[in-house]
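Worksheet for the structure shown next.
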Amino acid sequence: MNVFVLNCGSSSVKFQIINTDLDMFETDSDRRVAKGLIERVGQDDAIINLEAEGQEPVKTVEPIHDHREAILRIKQWMEDPKTRINGIHSWDDIHAIGHRVVHGGEKFAKSVKIDKEVLAQIEECADLAPLHNPANLKGIYACYEIFGDKIPQVAVFDTAFHLTMPEEAYLYAIPMELYEKYRIRRYGFHGTSHRYVAYRYRKLVGKPREEVNVITLHLGNGCSAAAIKKGQSINTTMGLTPLEGLVMGTRSGDIDAAIVEYMFNKGIGSVADIFNILNKKSGMLGVSGFSNDMRDIEKAAAEGNHRAQLALRIFALRVKKYIGAYMAEMNGAEAIIFTAGIGENSVLIRKMVCEGLENLGIELDEELNKQAVRGKCMKISKDSSKVAVYVIPTNEELLLARDTVRVVKDVPRQW
Ligand code: ADP
């Protein structure tokens, strides 16, 4: 099957076309035949990047007024005889569409085929993820408008994997009515990534899902950790929204909630202004004062910039704290898995996170750590380490495509 994997943000449309099918999962013979990104959707100078396997990318700046136009632009490119995507000449060669949907609330524990009822439920979850769900919905509606019911559409939720968390992990210690009435609880995000790397790990070591006990660290622009026991997520660091937990590029992660009132009373701004600071101006950017990008911070730290060094230490300490917490919660883990931009690339962060955890059974091999580069799956702990440490590249799009195939063919999910 050719699956069109779509990830719509408020002003961006990201896609891949993946050729995959049930019999290809075992051999990993799925293949990405095209990918692209349209940024600044809604503006006259949208940036278009389209790339078919083995061909020079198309890079242009054009007016793209909404998500529908963005998808139509991709369609036009796909059907252009000059483009030549392997096995694809027109939209008739696309068999299904898989959408990334950020928030599935408590309703979706797995990926589902989209119909009217599912759409209404995704709409209902929109106030839990006001920045993300409406954008995801725009992509779904645009596909309906363009393709009608001809191509099945599937929703894959960021929150779904974490719905196995027990009550004591997902409930906040606030009045129960707030949960009962407003569904205020921890949901967790990056579920597709945590699930994917845990799946890769189990394939690598040859274990059944129920025997996998690992801590996964998704460290990218957004960062989260998950405790995966017997193959199921039993805790994760993000909460009602993706603000909670680890320190991120521009998000604070955990803070004392009373800080919000204190800032408000100090006249720093409205509640919206304060949350803007916590979401967009905090984290690595806030502490370093100059960048949210780990590469810039590492470089400045190496040159002696104190605030950059401090940002690195705060970042690493928060990750360590959750490794300790999850080790306790799981009664020990067999492996720690680093993934995403920072997790896959930063030798320094992996070293700082694992340093001084020997008494927890974590011993990093410094040489192997240096050899781990993006795109490569490898073990970076010493043989003597009781807890193995791995770098496993994430691939959320592949999981989206595979889930789409499973849902369309009505085959139960297994990871
Ligand atoms: P997203 O979370 O948006 O999917 P990524 O997983 O690609 O993003 O992570 C992006 C982040 O990864 C960048 O902001 C950068 O901080 C970090 N990163 C990428 N390459 C490196 C590198 N070589 N060293 C350190 N950090 C890196």
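Laboratory data are not the source of any read-out in this text; all were calculated from the coordinates shown. Owing to the predicted nature of the structure, the values given are computational and were not obtained by experimental measurement. Ideal geometry is used to build each Cβ from the backbone, glycine not excepted, and the neighbour counts take in all protein chains shown.
Just checking the listed ones, M24, M284, M248: in the Gaussian network model of the chain with Cα springs under 10 Å, the one fluctuating most is M24.
For the range 23-40, backbone phi angles converted through the Karplus equation (6.51, -1.76, 1.60; θ = phi - 60°) give residue-by-residue couplings of 6, 8, 5, 4, 8, 6, 9, 4, 9, 7, 9, 7, 8, x, 8, 10, 10, 6 Hz, Gly and Pro being listed as x. Between G42 and I64, H65, D66, the built amide H atoms are under 5 Å apart, and every one of these is 5 or more places off in sequence or on another chain.
For I380, the residues 5 or more places off, or on other chains, whose built amide H falls under 5 Å of its own are V389, Y390, V391.
When both bridge partners sit in the chain, DSSP labels roughly 70% of those beta bridges antiparallel.
Once R0 is set to 41 Å, what does the formula 1/(1 + (r/R0)^6) return for the Cβ-Cβ distance between Y179 and E358, expressed as a FRET efficiency to the nearest 0.05? Step by step, r from the Cβ atoms, then E = 0.55. Note on the range 219-259: Rg/Rh from Cα positions, Kirkwood definition for Rh, rounded to two decimals, is 1.04.
Taking the C-alpha atoms only, the angle from helix 133-147 to the longest principal axis of the chain is near 20 degrees.
Rounded to the nearest 10 degrees, the angle from helix 191-205 to the longest Cα principal axis of the chain is 80 degrees. Phi angles of the range 320-329 translate, via the Karplus equation with coefficients 6.51, -1.76, 1.60 and θ = phi - 60°, into HN-Hα couplings of 4, 4, 6, 4, x, 4, 6, 4, 5, 5 Hz per residue; Gly and Pro are given as x.
The trypsin sites (Lys or Arg not before Pro) of the range 183-250 meeting both criteria, a DSSP state outside H, G, I, E and B (loop) and at most 16 other C-beta atoms within 10 angstrom of the site's C-beta, are R183, K230. Build a GNM of the chain with springs between Cα atoms under 10 Å apart, and of Y262, Y199, Y326 the one that fluctuates most is Y262. Each residue of the chain gets 159 Å³ once the volume of the Cα convex hull is shared out per residue. Using θ = phi - 60° in the Karplus curve 6.51 cos²θ - 1.76 cosθ + 1.60, the 3J(HN,Hα) couplings for the range 76-87 round to 4, 5, 4, 8, 5, x, 5, 6, 6, 8, 3, x Hz; x is entered for Gly and Pro. If you take all other residues with their beta carbon under 12 Å from the beta carbon of A302, and give Lys and Arg +1 and Asp and Glu -1, the sum is -1. Computed from Cα positions, the angle between helix 271-280 and the longest principal axis of the chain comes to roughly 90 degrees. According to the calculation over all Cα-Cα pairs in the range 103-232, the P(r) per 5 Å bin from zero is 2, 9, 17, 19, 18, 15, 11, 7, 2, 0 %. Each 10 Å bin from zero up to the one holding the largest Cα-Cα distance in the range 28-106 carries the following percent of pairs: 16, 44, 31, 8, 1. Spatially, the range 346-403 and the range 174-188 are offset by 35 Å when compared through their Cα centroids. Split the chain at each of the GluC sites (Glu not before Pro) in a DSSP loop with at most 10 other beta carbon atoms within 10 Å, and the longest piece is 27-302. Cross-link check: pairs K138/K229; K113/K203; K82/K150; K138/K321 evaluated at a Cα-Cα cut-off of 31 Å; pairs beyond the cut-off: K138/K229; K138/K321. Looking at the P(r) of the range 2-157, how many percent of alpha-carbon pairs lie beyond 18 Å? Looking at the range 2-157, the distances longer than 18 Å represent 58 percent of pairs.
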